[in-house]
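Report on one structure; see the data block that follows.
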Amino acid sequence: MAKSQALNETAPVGFDQYQPEIAHGNIDTVTYKSKTVGVERETLIYTPPNYKESEKYPVLYLLHGIGGDQFEWLKHGHPEVILDNLYAQQKLEPMIVVLPNGRAMKDDRATGNIFDSVKVQAFATFEQDLLKDLIPFIEKKYPVYKDKDHRAIAGLSMGGGQSLNFGLGNLDTFSWVGGFSSAPNTKEPKALLPKPDMAKKKLKLLWISCGKSDNLINFSQRTHDYLKKHDIPHIFYKEPGGHDFKVWKNDLYMLSQLLFKPVNPAFFGSYDIAQIEHNEYEGTPASTNISGRKYPLILEDNRVVFRLKAPEAKSVQVDLMKKYDMIKNEEGVWEAVTEPVVEGFHYYSIIIDGVPLVDPASQTFYGMGRMASGIEIPENVQVDYYQPKEVPHGQIVQMRYYSQKTKSWRRAFVYTPPEYGSQTDRSYPVLYLQHGGGEDETGWPNQGKVDFILDNMISSGEAQPMLVVMENGYAINPEAKPESQASFSGMLANEFPQVLVEEVIPMVDKKFRTISDRDHRAMAGLSMGGFQTFLITTDNLDKFAYIGGFSGGGFIPEGEDINSVYHGVFANPKDFNTKVKLMYLSIGTDEPERMYQSVYSFHEKLKNAGIDHKYYESPGTSHEWLTWRRSLHQFVTSIFQ
């Protein structure tokens, strides 16, 4: 007789270690005829210690994940060891455990593309194989009870979704159902249990569990929320860990002790309450957080935990490269855990009841065409060229002026090198540096960390002291028609070329100590700013000797030749190479395909045309600020030398 047991929060040390001195069950491989699939299929069978054919046993069907097969639990979880140890402690009701292959197709091996739609569909097909072929086979071959109260189903990840889908969809077949870290194949709660009252009557135990750091936890959470809303008794167990066998072995240890015993639903709630109190994560607060705020919290694998207290909100999402639904607890605190986020700086929003807002726990940055939250995911290697260091520091000063071109007051930022204030007899070269679409003149000082990069490079001697001018690339002509300003060409061209060349450059040369010839003037920009750079510099080669495009550069319309664009400046490679001391192009290796191909194609056409230039691909980065910091780092160490 198994003992009644008040369970610990997690399994004790040694629960999964083989004990040679105790009695052991057996694992056998058997085959059964599947009419559903049309072949003989294999399954593993665990029979408990002291198994006797003269006695009857309940059955647990234990399912694997999308990358596994009938051997996955045996190879990585060793359920026979966990169960043998529990039997030795008299904590289990004797049961047979069936470990089938949940991929119901003729070639059911876990090979090739496991996410192929045909293979994914086979996991759904397994429901019929289970109900019509496997269960009848088990009940014919083994001494088992044949009623629903002696039949359980549980599984991990994809198998967890199967267990919930099949178990709750067949309440006349299963009374005990468990989902461990259930995957996205889990049906929406309303589809899982369209008749909540039926579940209340027929279920003995419904178990849902997931690691606190598992990025699939939202699927378990939404099921729990639905069950709680409809007062369906269940256990919702959030435990330390991620999406791995450390969690799933613990789940089997916990769930197996409850199966086929008298059930007290009043005991269920203690799991949920305990986990809410202990739902803490090990990670590092983002450097972009408001001082003293723990969340957003970056986990070791670059997943990010977000929390927000909004008790009156009806729905909350995090929009960080994709949208993540946040889950609300009883205290009105919403939480989401993202997928691993690529290193670098990223804009994000909190969407509350459909309205995108800034995260009150984050610093704000102008991007996405508005003020937005931002998060810095640290690089996985130690780099410090854009970090503050104990070196002499320059200044970023604000320059306001009235533009005759736009009939409005405008602002530019100007970086001056550390020595600018003390060496008053010296003049300096100038880099005009532009932001991208949806950003403004604050982009490079804030997101780009331009002052730290220049300070460090000048201090190390890798870059020459220089001024850096950062202007707003949107310069609206008040007399232009609104539709022309909204177009792509209007966004890139507008009045900014005239503002920069006719107003900003003369003003900078007047207000600051500059070397005002073309050999000491450079221009570069990112994305939209890169396109603007090529538009302006190629039209003003008498004013610029250095050209840089970061994730954006020259644009060659379809059907046109490189020799004809930009007023034909590339038609004479020798002349161009003599005038331009450096043309620089860069792109992140993980950028959107269209952007990557645009820059790479331009690079190839320049190379084929004999135009000298430097081309760089930033490894592992996308269309974001880490790509552009790396590019600026290279560019400033190559100009004015």
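Can you compute the charge dipole magnitude of the chain about its Cα centre, using +1 on each Lys and Arg Cβ and -1 on each Asp and Glu Cβ, nothing else charged? Give it in debye, rounded to the nearest 20. Kindly include the intermediate steps, with their values, before the conclusion.
Details: 67 positive and 81 negative charges, 248 e Å.
With only Lys, Arg, Asp and Glu charged at Cβ, the dipole is about 1180 debye.
With loop defined by DSSP as not H, G, I, E or B, and exposure as at most 12 other Cβ atoms within 10 Å, which is the longest segment of the chain clear of exposed GluC sites (Glu not before Pro)?
Working: sites that count: E21, E53, E55, E280, E282, E300, E312, E330, E331, E390, E479, E558, E560.
The longest such stretch corresponds to 56-279.
What FRET efficiency comes out for E560 versus E330 if R0 is 51 angstrom and r is the Cβ-Cβ distance? Round to the nearest 0.05.
On the way: r = 63 Å, r/R0 = 1.23.
Given R0 = 51 Å and the Cβ-Cβ separation, E is 0.25.
Add +1 for every Lys or Arg and -1 for every Asp or Glu among the other residues with Cβ under 14 Å from the Cβ of P20, and state the total.
Surrounding charge for P20 is -3.
Let's see if you can work this out: charge +1 on each Lys and Arg Cβ, -1 on each Asp and Glu Cβ, no other charges. What is the dipole magnitude of the stretch 304-409 about its Cα centre, in debye to the nearest 20? List each step's numbers first, then the result.
Numbers: 11 positive and 14 negative charges, 157 e Å.
Charge dipole, the stretch 304-409, about its Cα centre: 760 debye, nearest 20.
Give me the tail of P(r) for the chain as a percent: Cα-Cα pairs with distance above 33 Å. Intermediate values should be presented prior to the final figure.
Values: 118187 of 205120 pairs.
Of the Cα pairs, 58 percent sit more than 33 Å apart.
For the chain, what does the accessible surface come to per residue with a 1.4 Å probe? Please give it in Å². Let's see the in-between values first.
On the way: 27820 Å² over 641 residues.
In whole numbers, the chain has 43 Å² accessible per residue.
Accessible area of the chain with a 1.4 Å probe: how many percent of it is carbon plus sulfur?
On the way: 14030 of 27820 Å².
Heavy-atom surface of the chain belonging to carbon and sulfur, 1.4 Å probe: 50 percent.
Please report the antiparallel percentage of the DSSP beta bridges confined to the stretch 19-149, to the nearest 5. Don't skip to the end; give the middle numbers.
On the way: 13 of 17 bridges.
Antiparallel bridges make up about 75 percent of those DSSP assigns within the stretch 19-149.
Which is farthest toward the positive dipole end of the chain among G344, G292, T10, measuring Cα position about the Cα centre, with Cβ charges +1 (Lys, Arg) and -1 (Asp, Glu)?
Working it through, the farthest residue towards the positive pole turns out to be T10.
Gap in Å between the Cα centre of the stretch 109-163 and the Cα centre of the stretch 186-240?
Answer, in whole Å: 20.
Where in the stretch 65-84 does the amide nitrogen come within less than 15 Å of the point 7 Å from the Cα of I22, taken along Cα to Cβ?
Within reach of a label on I22, which here means backbone N under 15 Å from a point 7 Å along Cα→Cβ, the stretch 65-84 contributes 78-84.
Specify whether the C-alpha gyration tensor of the stretch 120-200 places it in the rounded, prolate or oblate class, a ≥ b ≥ c being the square roots of the eigenvalues: rounded for a/c under 1.5, otherwise prolate if a/b is larger than b/c and oblate if not.
Values: a/c = 1.94, a/b = 1.32, b/c = 1.47.
Oblate.
Would you list, by chain and number, the lysines whose Cα falls below 27 Å from the Cα of K574, excluding same-chain residues fewer than 8 positions away?
K543, K605, K607, K614
Could you check what % of the DSSP bridge pairs in the chain are antiparallel, to the nearest 5?
On the way: 57 of 105 bridges.
Approximately 55 percent, going by the DSSP bridge assignments.
What whole-number distance in Å separates the alpha-carbon centres of the stretch 511-540 and the stretch 550-586?
15 Å
Along the Cα→Cβ direction, 7 angstrom out, place labels at H567 and D319. What is the inter-label distance in nm?
4.0 nm
Find how many whole Å separate the alpha carbon centroid of the stretch 587-617 from the alpha carbon centroid of the stretch 290-355.
So the separation of the two Cα centres works out to 35 Å.
Counting other Cβ atoms within 10 Å, keep those with at most 12, restrict to DSSP loop, and tell me which chymotrypsin sites (Phe, Trp or Tyr not before Pro) in the stretch 53-161 are left. Please list the in-between numbers first.
Working: sites: Y61, F71, W73, Y87, F115, F123, F126, F137, Y145; in loops: F71, F115, Y145.
Those satisfying the criteria are F115.
Residues of the stretch 301-320 with backbone nitrogen within less than 14 Å of a virtual label 7 Å along the Cα-to-Cβ line of T284, please, listed as ranges.
301-304
Treat every Asp and Glu Cβ in the stretch 513-641 as -1 and every Lys and Arg Cβ as +1, leave all other atoms uncharged, and give the resulting dipole magnitude about the Cα centre to the nearest 20 debye. Numbers along the way, then the final one.
Numbers: 13 positive and 15 negative charges, 112 e Å.
In total the dipole reaches around 540 debye.
The values are calculated or read from the model by the stated rules, or taken from the named source; none is laboratory data. Predicted model, so just to flag it, every value in this text is computed and none were measured. When we count neighbours, we look across all protein chains shown, and the Cβ atoms used for this are built from the backbone with ideal geometry, even at glycine. Protein only, heavy atoms only, side chains kept; ligands, DNA and RNA dropped before computing areas. Shrake-Rupley method; radii C 1.70, N 1.55, O 1.52, S 1.80 Å.
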